[in-house]
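Asker: Take this structure first; my questions come after.
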Protein chains: 2
Amino acid sequence: MTDAPIINRLALIGTGLIGGSIARAARASGAAKTIVATARSPETRKRIRELGFANQVTETNAEAVRDADLVIVSIPVGASGPVAKEIAPNLKPGAILSDVGSVKGSVVRDMSPFVPAGVHFIPAHPVAGTENSGPDAGFAELFVNRWCILTPVQGTEEPAVETLRAFWEKIGANVQVMTPEHHDLVLAITSHLPHLIAYTIVGTANELGEVTESEVLKFSAGGFRDFTRIAASDPTMWRDVFLHNKDAVLEMLGTFNEDLSKLTRAIRRGDGNALFDHFARTRAIRRGIVNIGQDSAVPDFGRQHAP
Amino acid sequence: MTDAPIINRLALIGTGLIGGSIARAARASGAAKTIVATARSPETRKRIRELGFANQVTETNAEAVRDADLVIVSIPVGASGPVAKEIAPNLKPGAILSDVGSVKGSVVRDMSPFVPAGVHFIPAHPVAGTENSGPDAGFAELFVNRWCILTPVQGTEEPAVETLRAFWEKIGANVQVMTPEHHDLVLAITSHLPHLIAYTIVGTANELGEVTESEVLKFSAGGFRDFTRIAASDPTMWRDVFLHNKDAVLEMLGTFNEDLSKLTRAIRRGDGNALFDHFARTRAIRRGIVNIGQDSAVPDFGRQHAP
Ligand SMILES: NC(=O)c1ccc[n+]([C@@H]2O[C@H](COP(=O)([O-])OP(=O)(O)OC[C@H]3O[C@@H](n4cnc5c(N)ncnc54)[C@H](OP(=O)(O)O)[C@@H]3O)[C@@H](O)[C@H]2O)c1
Ligand SMILES: NC(=O)c1ccc[n+]([C@@H]2O[C@H](COP(=O)([O-])OP(=O)(O)OC[C@H]3O[C@@H](n4cnc5c(N)ncnc54)[C@H](OP(=O)(O)O)[C@@H]3O)[C@@H](O)[C@H]2O)c1
């Protein structure tokens, strides 16, 4: 790997968990020479200055993108359209415009109309995150050994895609290219449906008359706590994900409900063989994930056990 | 805390994850003076000898309990009744008989009939575990800062309960007493339903035509992998849990399904406010769990991010 920066001037619009991690990672790896950042609120802009992970902090989005070679928009997907409109006039010809949104079809639909000729629009989604948000939550290693999906629209020039790929690889990610539609199906099952289920069950536990909230918290180590982590993710981000990937999520939900009915029936009928067979099959999937390095096999995710 | 052992002679029937962890913890903490262990298969008995976490390994369950002051049965709950029958004639008067099963009502029903007069039967359930099983999976710190629930039946003598409490506290656990029925409701929501949901969604992901298994594995860091951990738990243990805590699980499933329908309707109608409100509420529950030390706030459960 050469040490020359991949990007001369990087502009980051939105510097929460993802934008803030890109800034830190780009600096730590030398992937960008100059980093310009901005955020919606004066408080976050002040905080970026204090944290010092950008070379320059601008007051507006339009200002931030001026002369930038790569612009990455890292905000809730529902806000993509208006931001694209706002920055479009200032985008430099030849620049790459990208994002990190968890839905891709709607981002393509909402941003494309504003992209000027000569600007390479390449939507992206790094499949990495934590339940925390805001500029303090980011860290340089977030993308290491995680996948970043690029979803270029038809007719995108290959060298621009290669530059964006090189940028993500430089900050530690593996890169895969697919269509926006396929992305939205894959993420519906690997991320959106799991979040919806986790949000549901955590809500259910909170409203039971017979079992108190304090009991739910105390005895959460029996499995429940694994769900609470993802049900603690940012409500605005997730509202936008479900509003914008509605069709794929509803499709996956349909299949999930059928499968849950089958297992429920097996429990009701006392069909131990059906339960055993299903449980034995799912075990193998976990092994696959640990084997390809997308999770840790340390007992209990390496949680601390000493008090 | 005094250094005298709480238990003179401890007998362990079943030495998988839980029994093997009790043995290691009892030895490390000095909670028991002598540890006798056995398991169903010759292979596991051989392995206990190699691992050396017991002072004595017996060939039969009946032999293991002779002269024991505390007997802990750590096997799938469906096997409790036959084992109780087998050991009953050899239990010493004044001994405490306990277990670790994840369901308590059925264990009381299945074991009680065999308990001889003069033996204190006190069912228990340590709310701690990992997805691994077998004698090699155990470790001494498993119970540290976790809860162990005791469900003594009516008329149990208080000093025996206090001795069992002291034993669990000595190996690191916090102890709470409740009825078997209440235990089964609390665990239905904090552990059994989460496992059922996780088993379901991991199965769903595995059967989709449009998204390949390799894509599910690759992009699992978006949320899915958090479910696979608990869906990798032992199939025999979980078959028994669902067969034996059927009523409470079906009740919780009913409430869960209603809540999932509500969120599904909000997605279908594009009701962003309803989604946002629900997601904001569940976030607070996660904070509660981290605050009382039942989970780690380290990003991503402290998973390793470097390759
Ligand atoms: N969190 C994850 O796990 C994850 C993973 C992969 C991709 N993503 C995607 O990454 C994007 C950002 O998520 P995040 O986790 O970084 O969120 P975050 O930590 O909450 O940060 C959001 C950023 O967006 C800005 N913002 C919020 N609403 C805005 C609006 N209406 N217009 C302009 N800017 C706005 C915020 O500015 P202020 O701070 O000034 O409010 C903040 O800088 C989302 O599209 C999400 O789908 C998230
Ligand atoms: N895993 C958890 O997270 C967890 C947490 C709390 C409580 N529990 C409860 O703890 C108990 C044991 O679970 P575990 O995780 O320790 O399981 P495990 O690692 O699979 O070990 C099971 C043990 O039970 C023995 N066994 C299996 N079937 C038997 C039968 N029909 N008759 C007699 N012995 C039999 C096995 O002997 P062989 O090795 O010779 O086959 C082995 O020693 C279960 O009741 C479970 O509900 C589990």
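The values are calculated or read from the model by the stated rules, or taken from the named source; none is laboratory data. Worth saying up front: this structure is predicted, and the values here are computed from it rather than measured. Here the Cβ is made from the backbone with ideal geometry for all residues, glycine too, and neighbour counts use every protein chain on show. Accessible surface areas use protein heavy atoms only, side chains included; no ligands, DNA or RNA. Shrake-Rupley method; radii C 1.70, N 1.55, O 1.52, S 1.80 Å.
This table checks each residue for (1) at the interface with chain B (Cβ under 7 Å from one of its Cβ atoms); (2) open to solvent by 20 Å² or more (accessible area, probe 1.4 Å); (3) basic (Lys, Arg); (4) outside any helix (DSSP H, G or I).
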| residue | (1), (2), (3), (4) |
| --- | --- |
| A:Arg268 | yes, yes, yes, no |
| A:Phe276 | yes, yes, no, no |
| A:Ala280 | yes, yes, no, no |
| A:Gly288 | yes, no, no, no |
| A:Phe301 | yes, no, no, no |
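Asker: Scan segment A:17-55 residue by residue and report those that are open to solvent by 80 Å² or more (accessible area, probe 1.4 Å) and in contact with a Ser or Thr (Cβ under 9 Å, 6 or more places away or on another chain).
Answerer: The answer is A:Asn55, and nothing else.
Asker: Need pairs with beta-carbon distance below 9 Å; first residue over 19 Å from A:Ala248 (Cβ atoms) and in contact (Cβ under 8 Å) with a residue 40 or more places away in the chain and within segment A:98-114, second open to solvent by 10 Å² or more (accessible area, probe 1.4 Å) and not β-branched (Val, Ile, Thr); sequence gap 6+ or separate chains.
Answerer: Correct list of pairs: A:Ser98/A:His120; A:Ser98/A:Phe121; A:Ser112/A:Phe121.
Asker: Shifting gears a bit: Can you tell me which residues in segment B:122-149 are in a loop (DSSP other than H, G, I, E, B) and over 24 Å from B:Arg229 (Cα atoms)?
Answerer: Listed by number, the residues that qualify are B:Ile122, B:Pro123.
Asker: Here is a further query. How many residues does segment A:162-173 contain that are touching a helix residue (DSSP H, G or I) at 6+ places or on another chain (Cβ under 7 Å) and either of a type in the set (Gly, Ala, Ser) or part of a helix (DSSP H, G or I) (or both)?
Answerer: 2
Asker: Take the residues in segment B:193-227 that are among the acidic types (Asp, Glu) and facing chain A (nearest Cβ under 7 Å), then tell me which one is surrounded by the fewest Cβ atoms within 10 Å (Cβ to Cβ).
Answerer: Ranking the qualifying residues of segment B:193-227, first place goes to B:Glu210.
Asker: Are any of the residues in segment A:150-161 in contact (Cβ under 8 Å) with a residue 60 or more places away in the chain, outside any strand (DSSP E or B), more than 16 Å from ligand 1 (Cβ to nearest atom) and farther than 30 Å from B:Arg225 by Cα?
Answerer: Yes; the residues of segment A:150-161 include at least one that is in contact (Cβ under 8 Å) with a residue 60 or more places away in the chain, outside any strand (DSSP E or B), more than 16 Å from ligand 1 (Cβ to nearest atom) and farther than 30 Å from B:Arg225 by Cα.
Asker: Additional query: Condition (residue is in the same structural domain as B:Glu50 (by TED's automatic domain parsing), touching a residue at least 40 places away in the same chain (Cβ under 8 Å), among the aromatic types (Phe, Trp, Tyr) and surrounded by 22 or more Cβ atoms within 10 Å (Cβ to Cβ)) applied to segment B:123-142: is it met by at least one residue?
Answerer: no
Asker: Pull up segment B:101-122, narrow it to residues that are more than 15 Å from ligand 2 (Cβ to nearest atom) and of a type in the set (A, V, I, L, M), then point me to the one that is surrounded by the fewest Cβ atoms within 10 Å (Cβ to Cβ).
Answerer: Among those that are more than 15 Å from ligand 2 (Cβ to nearest atom) and of a type in the set (A, V, I, L, M), it is B:Ala117.
Asker: Name the residue that is nearest to ligand 1 (Cβ to nearest atom), counting only residues in segment B:174-230 that are within 30 Å of B:Glu157 (Cβ to Cβ) and in a loop (DSSP other than H, G, I, E, B).
Answerer: The extreme case among them is B:Met178.
Asker: Could I ask something else about it? Quickly run through segment A:175-234 and pick out the residues that are within 28 Å of A:Glu162 (Cβ to Cβ) and of a type in the set (S, T, N, Q).
Answerer: Once the filter is applied, which keeps residues that are within 28 Å of A:Glu162 (Cβ to Cβ) and of a type in the set (S, T, N, Q), segment A:175-234 yields A:Gln176, A:Thr179, A:Thr190, A:Ser191.
Asker: Given (1) assigned to a helix (DSSP H, G or I); (2) away from ligand 2 (no atom under 15 Å from the Cβ); (3) open to solvent by 40 Å² or more (accessible area, probe 1.4 Å), identify the lone condition not met by B:Arg239.
Answerer: (2)
Asker: In segment A:242-259, which residues are more than 7 Å from every other protein chain (Cβ to nearest Cβ), within 15 Å of ligand 1 (Cβ to nearest atom) and open to solvent by 30 Å² or more (accessible area, probe 1.4 Å)?
Answerer: A:His244
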